[in-house]
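The values are calculated or read from the model by the stated rules, or taken from the named source; none is laboratory data. Fair warning: this is a prediction, and the values are worked out from it, not measured in the lab. Quick note on the areas: whole protein, heavy atoms, side chains included, nothing else; ligands and nucleic acids left out. Shrake-Rupley method; radii C 1.70, N 1.55, O 1.52, S 1.80 Å.
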Amino acid sequence: MNSYDIIKRPIITEKSMQVLTDREGNEIRRYTFEVPKTVNKLEIKYAVEEVFGVKVAKVNTMNYAGKLKRMGRYEGRRPSWKKAIVTLTADSKSIEFFDM
């Protein structure tokens, strides 16, 4: 699995954009991505460093279970997924994709 397969898509929501700054307004370089359920933190770190050319300080991951959905009498389930929050080092450049 190459680096571009590990990072499926960035997650751009209000909450993920709020973690880019702290309470005092200082910039924290923390970005959120959807990743495959099978990868670990080291693989996510190396993939982000290779794709975006930045230095990663730490990676936090969360597993999300797929929600149960119904269509009439039939039940189905949305796919489960994994979210990775990547914190960059202070001397690293920011990822331009997230800049507004």
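Overview of values
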read-out: Accessible surface of the chain [probe 1.4 Å, protein heavy atoms]: carbon and sulfur percent; value: 50 percent
read-out: Computed accessible area, residue 31, all protein chains, 1.4 angstrom probe, square angstrom; value: 10 Å²
read-out: Order of exposure, largest accessible area first, which applies to 58, 82 with probe 1.4 Å; value: 58, 82
read-out: Accessible surface, 1.4 Å probe, highest first, among residues 1, 17; value: 1, 17
read-out: Accessible area of residue 80 in the full protein assembly, 1.4 Å probe (Å², nearest 10); value: 60 Å²
read-out: Sequence of 33, 52 from largest to smallest accessible area, 1.4 Å probe; value: 52, 33
